[in-house]
1. In bins 10 Å wide, starting from 0, what share of all Cα pairs of the chain does each bin hold, as a percent?
2. Using DSSP to call loops (not H, G, I, E or B), can you name the chymotrypsin sites (Phe, Trp or Tyr not before Pro) in segment 33-101 whose Cβ has at most 15 other Cβ atoms within 10 angstrom?
3. Provide T341, T142 ordered by accessible surface of protein heavy atoms (probe 1.4 Å), highest first.
4. Loop only per DSSP, at most 15 neighbouring Cβ atoms within 10 Å: give me the trypsin sites (Lys or Arg not before Pro) in segment 168-270, ordered by residue number.
5. Using only alpha carbon pairs under 8 Å that are at least six residues apart, calculate the relative contact order of segment 88-187 and give it in whole percent.
6. How high is the relative contact order of segment 161-223? Use alpha-carbon pairs under 8 Å, at least six apart in sequence, and give a whole percent.
7. What nm value, rounded to one decimal, do you get for the distance between K104 and A403 when each label is placed 7 Å out toward the C-beta?
8. Given a cut-off of 27 Å, what percent of all Cα-Cα pairs of segment 1-123 lie beyond it?
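The values are calculated or read from the model by the stated rules, or taken from the named source; none is laboratory data. Since this is a predicted model, take the numbers as computed values, not measurements. Cβ atoms come from the backbone with ideal geometry, glycine included; neighbour counts cover every protein chain shown. Just the protein is used for accessible areas: all its heavy atoms, side chains included, with ligands, DNA and RNA removed. Shrake-Rupley method; radii C 1.70, N 1.55, O 1.52, S 1.80 Å.
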Amino acid sequence: MKAEAYQQCIVPSCGLKYPVGEARVYCARGHLLDVRYKNSFPKYLKEVFYGRRNHGGNIYNESGVWRFRELINFSQINSENLSQCAKVLVSLDGAEGRLSRPYKMTKVSEFVGMKPSKLFLQPEGYNPSGSFKDNGMSTALTHAKMLGIKKVICASTGNTSASAAMYASNEGIECDVLIPKGEVAPGKLGQAFQFGAQVIEIEGNFDDALSASLNEVKKSGAYTVNSINPFRLEGQKTIVYRVMEHLKWEPPDWIFYPGGALGNVSSAGKCLIELHEWGWMKKVPRLAVVNSEGANTLYNLYNGKYGAKLRWNDGDVDEELIDDYYQYVDKNKIKPKTEATAIQIGKPANMLKALRALEFTKGVVTQVSDKEMYDGMSIVGLNGFDCELASGSVPAGIKKLRAEGVIANDDLVVAILTGRQKDPNVPVRYHLDPNNRFANPPKGYN
Ligand SMILES: *Cc1c(COP(=O)(O)O)cnc(C)c1O
Ligand SMILES: [Zn+2]
């Protein structure tokens with residue numbers, strides 16, 4: 001099945017269109033772009049996707065991303081022709097998205113105050129580079145390859161660079177990664193080196209690294225694989241497809257994400273808008289975003305903690321309010337500060353897309369402390385699953401919204417655990433301190 005695709009500005013009153021063969025970050029008026037498809041998609045594809053789980057040695061069926069290739073077919077291949085797929089689609093031997101699907105975790109349910117049958121967690125850390133970023137990086141690199149790109153670039157708190165470097169090296173494409181010096185978990189930095197990327201250290205935080213990398217994109221025409229790249233967000237839609245497939249395409253009441261640059265929640269929003277448009281689901285799950293208290297721009301703006309409540313408003317967003325807020329934080333030297341470095345972001349690049357997602361899904365935004373994230377991360381561990389501190393925000397956020405009654409007793413909740421632990425010192429420190437709720441300190445043998 002061929003899908004005719006194009007790029008379009010997300011702001012309805014602007015709506016500028018571009019061909020998929022163009023690499024650009026913004027429309028000519030500076031707005032973010034979507035990848036769009038001319039046709040809608042028939043529901044019988046659900047059976048096709050399910051059937052591919054019996055993959056018969058075909059890596060594009062084994063991949064939890066490319067198994068859904070009809071719905072992200074911006075490269076406009078005939079997706080049934082496997083030799084054509086092999087020439088076009090970028091995959092790490094089918095490993096992306098292969099192991100991540102919703103799991104029940106009874107101890108997490110107990111921790112958040114829900115029935116075990118009502119909570120699923122999806123460990124996206126079980127991707128080849130150890131985070132959800134692989135879902136989107138396989139599609140971003142597919143687009144880069146389509147365009148004959150020689151070098152990709154990204155700013156990163158660590159996982160984006162690990163993922164970009166992994167796919168780029170496998171494709172023989174160069175990769176520059178800009179990281180905030182001293183703020184990246186050692187396991188993530190190690191991967192960037194190991195996969196042959198050129199690491200560039202920036203004095204400052206992630207927001208500084210992102211603006212430096214986007215300057216480079218403007219200057220040199222380098223190809224960005226940060227989440228403002230709409231082709232990356234296409235791949236991240238498969239996170240939601242896997243949730244939906246596991247639930248036999250009956251939507252849950254809630255889907256939870258941690259909020260950093262807000263690419264992931266934006267991608268989920270676009271995915272849900274499309275599924276609704278195509279008539280694949282009637283009910284729309286509500287998206288819940290969990291910010292760290294130390295990096296809570298979306299929480300503040302969405303909930304009216306700084307002036308009016310910021311809303312998508314059919315694309316007519318009060319951007320002055322956002323600018324005002326950024327001026328206020330800059331003037332008062334308020335820097336994003338959390339030990340969960342993956343979400344230590346003060347100026348989320350996908351703010352507008354996230355607002356669109358929240359509006360369509362009647363979403364909510366909450367915030368949690370580092371201490372709450374530590375407990376959330378640790379209770380996931382007690383179910384035999386591994387996640388990093390930023391992902392611990394999700395059980396912590398569910399617990400909070402359940403206690404506040406925002407989540408009802410009978411609601412079905414799915415939560416995305418975004419990444420694997422890449423700094424072993426984090427759990428070691430936690431467990432050595434007996435004051436921590438789930439601490440499991442060592443003892444002598446006597
Ligand atoms: C990148 C990342 C996030 C933040 O995702 P956004 O799309 O930037 O909001 C959260 N957790 C982990 C582990 C990540 O790597
Ligand atoms: Zn525009």
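1. Reading upward from the zero bin: 4, 22, 34, 27, 10, 1, 0, 0.
2. Y44
3. Greatest to least solvent exposure: T341, T142.
4. K181, K248
5. 26 percent
6. Across segment 161-223, relative contact order equals 35 percent.
7. Going from the K104 label point to the A403 one covers 2.6 nm.
8. More than 27 Å apart: 40 percent of the Cα pairs in segment 1-123.
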